[in-house]
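Enquirer: Handing you a structure now.
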Amino acid sequence: MNYPVVAEHVLGTVQGSWWTRRRRRGDMPVLPPGAVYVLRVGGNYRQFPEGMVFDPSHPDVLDASSVSLVDTRARIVEVERIVPSVSEADNFTISASFACQVTDPTIVARQGTVDVVVPLRAYLAVDSELPQVSAGHRVEEINSVRREVTHRLTAYSAIVPPRVAGMSVEFVSADVHASDDLQSWERTMRDERRSQELRRGQREFETQDTYRIAELLAQGSAHADAFGITREAIDVAQAAARVHRVADEEAGRRHRAGEEDRAHVRAREAAEAKVRSDMVLTLLRQMGESGDYIDYHQALDQVLNGSAGELSSGDGNPVRAVEPGAPAGRETPGRSGRGPGRPNDDFVKDEDDLLE
């Protein structure tokens with residue numbers, strides 16, 4: 001960095017008489033913006049008047065042995081210093097910023113301050129307390145080191161201000177840079193955290209979409225079709241055809257279920273009719289084999305209404321009916337022989353009894 005002295009050039013002796021002596025314009029270097037000429041005349045340094053049109057016959061220009069181009073604009077200059085950490089394998093790099101501006105170009109040219117960073121670096125190196133600020137910290141504690149270094153340099157510059165001859169220098173700020181290894185590690189950790197957060201966010205979005213779609217499907221196929229049509233994933237004609245097909249299938253299913261129910265009812269009614277028919281036939285056989293008096297109307301009414309097998313005789317005494325499927329010739333208890341007091345004992349059974 002060439003600041004504040006931008007360049008220095010040696011000038012040759014101008015030959016000629018007193019009236020014809022002139023320095024060629026090409027002998028003088030081009031003056032950049034914000035810079036001034038400082039001519040060495042004998043043992044003195046003289047600034048060419050700023051803002052004045054260059055005069056090749058000016059006495060200082062004719063007698064100068066060298067010329068310096070001094071930048072007089074204000075600049076922010078950064079100076080670095082390496083300080084240790086708690087580990088011998090890692091260091092901190094302190095970067096201090098100073099606001100600098102040339103106040104006397106002749107002094108700067110005499111001093112030959114080509115790079116102002118050199119005296120400012122020496123200024124930082126004089127502070128013996130600065131390494132102790134960082135020596136007790138690990139490289140991961142760089143934020144704490146930044147804070148303490150800033151406090152230290154602010155106090156140090158207030159007590160011992162930086163000085164460079166011919167310039168005004170003021171401490172502005174300080175920063176601490178991490179090592180390349182730490183920066184690489186932190187970038188790796190940062191990228192991994194971001195990747196994990198991205199994956200976690202994607203899973204949360206997928207879960208939300210899953211719940212939303214499940215709620216949509218729970219509302220029925222019509223809502224699902226409407227959602228698909230909105231997203232242009234389903235054609236309206238295809239959705240209508242599927243709705244009609246589902247409706248036809250549902251109607252067919254209901255029709256088959258109704259037919260099955262009716263067939264079941266018919267089969268049950270047929271089975272019940274068969275049971276009643278068997279009971280009637282059994283009862284008729286039983287009554288035909290028994291000589292007792294039976295109220296046929298009451299017997300038929302009990303059979304048809306599902307009464308359980310006792311029939312009443314004419315005198316009010318119950319008569320046990322034969323269950324369906326019992327042997328036809330088997331007598332029911334209480335019906336064999338002629339017991340006393342039976343109403344049918346004196347009836348004529350056939351023609352032979354009448355002749356007797």
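Enquirer: So which of LEU198, LEU130, LEU153 is among the hydrophobic types (A, V, I, L, M, F, W, C), over 30 Å from LEU69 (Cβ atoms) and touching a helix residue (DSSP H, G or I) at 6+ places or on another chain (Cβ under 7 Å)?
Expert: One residue alone meets the criteria, LEU130.
Enquirer: Considering each of ARG110, ARG121 in turn, give the residue that is of a type in the set (D, E, K, R), within 28 Å of VAL10 (Cβ to Cβ) and either part of a strand (DSSP E or B) or in contact (Cβ under 8 Å) with a residue 24 or more places away in the chain (or both).
Expert: Details: ARG121 fails: within 28 Å of VAL10 (Cβ to Cβ).
Residue meeting the stated conditions: ARG110.
Enquirer: Conditions: (1) touching a residue at least 12 places away in the same chain (Cβ under 8 Å); (2) farther than 27 Å from HIS137 by Cα. GLU80 meets all but one. Number of the miss?
Expert: (2)
Enquirer: Which of the residues belonging to region 21-52 are under 21 Å from GLN111 (Cα atoms), in contact with a helix residue (DSSP H, G or I) (Cβ under 7 Å, 6 or more places away or on another chain) and assigned to a loop (DSSP other than H, G, I, E, B)?
Expert: Of everything in region 21-52, just one residue is under 21 Å from GLN111 (Cα atoms), in contact with a helix residue (DSSP H, G or I) (Cβ under 7 Å, 6 or more places away or on another chain) and assigned to a loop (DSSP other than H, G, I, E, B), namely PHE48.
Enquirer: Something else now. When you scan region 77-97, do you find a residue that is within 30 Å of ARG147 (Cα to Cα) and more than 52 Å from the chain's Cα centre (by Cα), even just one?
Expert: Looking through region 77-97, none of the residues is within 30 Å of ARG147 (Cα to Cα) and more than 52 Å from the chain's Cα centre (by Cα).
Enquirer: Let me ask something else about it. Quick check on SER68: is it of a type in the set (Ser, Thr, Tyr), over 30 Å from THR154 (Cβ atoms), more than 45 Å from the chain's Cα centre (by Cα) and in a strand (DSSP E or B)?
Expert: Details: of a type in the set (Ser, Thr, Tyr): yes; over 30 Å from THR154 (Cβ atoms): yes; more than 45 Å from the chain's Cα centre (by Cα): yes; in a strand (DSSP E or B): yes.
Yes.
Enquirer: Now a separate question. Which one of these does VAL70 not meet: (1) within 18 Å of VAL117 (Cα to Cα); (2) touching a Lys or Arg at 6+ places or on another chain (Cβ under 8 Å)?
Expert: Here VAL70 clears every test but (2).
Enquirer: In region 157-199, which residue that is within 30 Å of THR72 (Cβ to Cβ) and charged (D, E, K, R) is surrounded by the fewest Cβ atoms within 10 Å (Cβ to Cβ)?
Expert: Of everything passing the filter in region 157-199, ARG163 is surrounded by the fewest Cβ atoms within 10 Å (Cβ to Cβ).
Enquirer: Is it fair to say GLN202 is at pLDDT 90 or above, more than 30 Å from ILE94 (Cα to Cα) and either of a type in the set (S, T, N, Q) or surrounded by fewer than 10 Cβ atoms within 10 Å (Cβ to Cβ) (or both)?
Expert: For GLN202, the condition - at pLDDT 90 or above, more than 30 Å from ILE94 (Cα to Cα) and either of a type in the set (S, T, N, Q) or surrounded by fewer than 10 Cβ atoms within 10 Å (Cβ to Cβ) (or both) - is met.
The values are calculated or read from the model by the stated rules, or taken from the named source; none is laboratory data. Since we're looking at a predicted model, the values are computed, not measured. FYI the Cβ positions are ideal-geometry reconstructions off the backbone, even for glycines, and counts take in every protein chain you see.
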